[in-house]
Amino acid sequence: MQFVVFVFSFLFLIISVAADFQPTPQNEFFKTSPEDIRSNQIVFFVPGLNFNSQRFDSFERDLQAQNIQTYRLFLRYSSYRPGPWRSQNLAKVWQTEFSRAIGYFAQECRQNPQLEITLVAYSLGTIVSENVLQSMNEIPSCFKKSIHFAPAYQINPWLQPVLASTYILYSGIHIPSYNVENYQTKAFTYVGEYEGLRDNIKQLESIPPKKIDLAHTLVISKNDELVDVEYAIEFSQKIRQDFQILFVKEEREGLVGKYHLIIDEHSLNQTDYQEVMKLF
């Protein structure tokens, strides 16, 4: 009898925590638009690996100027510290954080059926969010669009052995980050974070993809040095009923190479940035 009471108490606690979940910096999910913007349009941003989410600022600034609400999720890794014996399962941690945000929006949708939400995900954020969406029986009806920037559905073949090496390396090893400095949260990436990336890719590969009823845009460079572009195009056709591609051009003042980096007004050229803004 005591065990039954304990189980029901534990379940009640979980339900209560989920119901009380709100967008705050402490929850690493927060509203970035001012409170006086109360339109029915919302854009929800999910970042990449070791990515400084403040780089979403230019999109958010221009969206807020159009009276659009903006929210941002912070995938927990810059504060990640692996234990001495084994690492956290970051693939599950990230998916749980995204799921909690989806739960919050589902509640908002029930209260206001007129809401229209656009999901914007970059690199790692695309596979974290897609794993969750693919596992759901029903997506909140107010989600209308998804935009995936440089999606990490599959990495380039020459990088796959590097990612496979994470099976034998200690999770706490620091690997220097070669991203542009002001686009990263820290100057290195833990092996454990790459384990989370690897596990999300493997999970997405292992499930039969279903076509979700969201208007979807793939934003990508044909010269992306990190992700498999052909695979990204093929996979996008499998996961959405309504699908389009925006290939961004390569001419960007002051930024050479780094074609995976296409996420703000500085990493996109002016023409492409304006085209991306039309997608929202």
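Considering the stretch 46-73 alone, what residues qualify as being under 19 Å from I102 (Cα atoms) and not in a helix (DSSP H, G or I)? Break it down stepwise before answering.
Residues of the stretch 46-73 under 19 Å from I102 (Cα atoms): 46-48, 53, 68-73.
Matches in the stretch 46-73: V46, P47, G48, I68, Q69, T70, Y71, R72, L73.
Go through the stretch 230-280 and count every residue that is assigned to a loop (DSSP other than H, G, I, E, B) and either of a type in the set (D, E, K, R) or on the phi < 0 side of the Ramachandran plot (or both).
Step one: of the stretch 230-280, the residues assigned to a loop (DSSP other than H, G, I, E, B) are 248-269, 280.
Filter once more, so that each one left must be either of a type in the set (D, E, K, R) or on the phi < 0 side of the Ramachandran plot (or both): 248-253, 255-256, 258-269, 280.
Final tally of qualifying residues: 21.
Does K210 satisfy being assigned to a loop (DSSP other than H, G, I, E, B), of a type outside the set (A, V, I, L, M), over 22 Å from S53 (Cα atoms) and touching a strand residue (DSSP E or B) at 6+ places or on another chain (Cβ under 8 Å)? Step through it out loud before you land on a result.
Working: assigned to a loop (DSSP other than H, G, I, E, B): yes; of a type outside the set (A, V, I, L, M): yes; over 22 Å from S53 (Cα atoms): yes; touching a strand residue (DSSP E or B) at 6+ places or on another chain (Cβ under 8 Å): no.
So K210 does not fit the description; no.
Considering only the stretch 39-57, state which residues are farther than 30 Å from G192 by Cα and among the polar types (S, T, N, Q).
Once the filter is applied, which keeps residues that are farther than 30 Å from G192 by Cα and among the polar types (S, T, N, Q), the stretch 39-57 yields S39, N40, Q41.
Any chance the stretch 102-117 includes a residue that's among the hydrophobic types (A, V, I, L, M, F, W, C), buried (at least 17 other Cβ atoms within 10 Å of the Cβ), in contact (Cβ under 8 Å) with a residue 12 or more places away in the chain and in a strand (DSSP E or B)?
yes
Every residue in the stretch 170-185 that is more than 20 Å from F56 (Cα to Cα), surrounded by 14 or more Cβ atoms within 10 Å (Cβ to Cβ) and not small (G, A, S), please.
I173, I175, listed by residue number.
A121: on the phi < 0 side of the Ramachandran plot, buried (at least 16 other Cβ atoms within 10 Å of the Cβ), part of a strand (DSSP E or B) and not charged (D, E, K, R), yes or no?
yes
From the residues in the stretch 144-176 that are of a type in the set (A, V, I, L, M, F, W, C) and assigned to a strand (DSSP E or B), which one is nearest to D199 (Cα to Cα)?
Within the stretch 144-176, the first condition is being of a type in the set (A, V, I, L, M, F, W, C), and the residues that meet it are 147, 149-150, 152, 155, 158-159, 162-164, 168-169, 173, 175.
Narrowing the set further to residues that are assigned to a strand (DSSP E or B) leaves 147, 149, 155, 175.
Working: I147: 22, F149: 20, I155: 13, I175: 18 Å.
In this case the residue turns out to be I155.
So, in the stretch 210-232, exactly how many residues are within 18 Å of the chain's Cα centre (by Cα) and under 18 Å from S129 (Cα atoms)?
10
Kindly indicate whether L159 is in contact with a Phe, Trp or Tyr (Cβ under 8 Å, 6 or more places away or on another chain), hydrophobic (A, V, I, L, M, F, W, C) and surrounded by fewer than 18 Cβ atoms within 10 Å (Cβ to Cβ).
no
How many residues are in contact (Cβ under 8 Å) with a residue 40 or more places away in the chain and out of contact with any helix residue (DSSP H, G or I) (no Cβ under 9 Å at 6 or more places or on another chain) when one looks only at the stretch 196-212?
Residues meeting the conditions: 1.
Could you tell me whether N200 is over 27 Å from I68 (Cα atoms) and either within 20 Å of the chain's Cα centre (by Cα) or not hydroxyl-bearing (S, T, Y) (or both)? Quick ask: steps written out before the conclusion?
Values: over 27 Å from I68 (Cα atoms): yes; either within 20 Å of the chain's Cα centre (by Cα) or not hydroxyl-bearing (S, T, Y) (or both): yes.
Considered against the rule, which asks whether it is over 27 Å from I68 (Cα atoms) and either within 20 Å of the chain's Cα centre (by Cα) or not hydroxyl-bearing (S, T, Y) (or both), N200 comes out as yes.
Starting from residues that are surrounded by 18 or more Cβ atoms within 10 Å (Cβ to Cβ) and small (G, A, S), keep the ones in the stretch 235-280 and report whichever is nearest to the chain's Cα centre (by Cα).
S236
Starting from the stretch 48-69, take each residue that is farther than 9 Å from E265 by Cβ and list its partners that are of a type in the set (S, T, Y) and surrounded by fewer than 18 Cβ atoms within 10 Å (Cβ to Cβ), counting only C-beta distances under 7 angstrom and pairs at least six apart or across chains.
Partner pairs satisfying both residue conditions: N50/S177; N67/S39; I68/S39; Q69/S39.
Out of the residues in the stretch 89-99 meeting the condition of being surrounded by fewer than 19 Cβ atoms within 10 Å (Cβ to Cβ) and either of a type in the set (A, V, I, L, M, F, W, C) or part of a loop (DSSP other than H, G, I, E, B) (or both), tell me which one is modelled with the lowest pLDDT.
By that ranking, first place goes to N89.
The values are calculated or read from the model by the stated rules, or taken from the named source; none is laboratory data. Everything quoted here is computed from the prediction, not taken from an experiment. Here the Cβ is made from the backbone with ideal geometry for all residues, glycine too, and neighbour counts use every protein chain on show.
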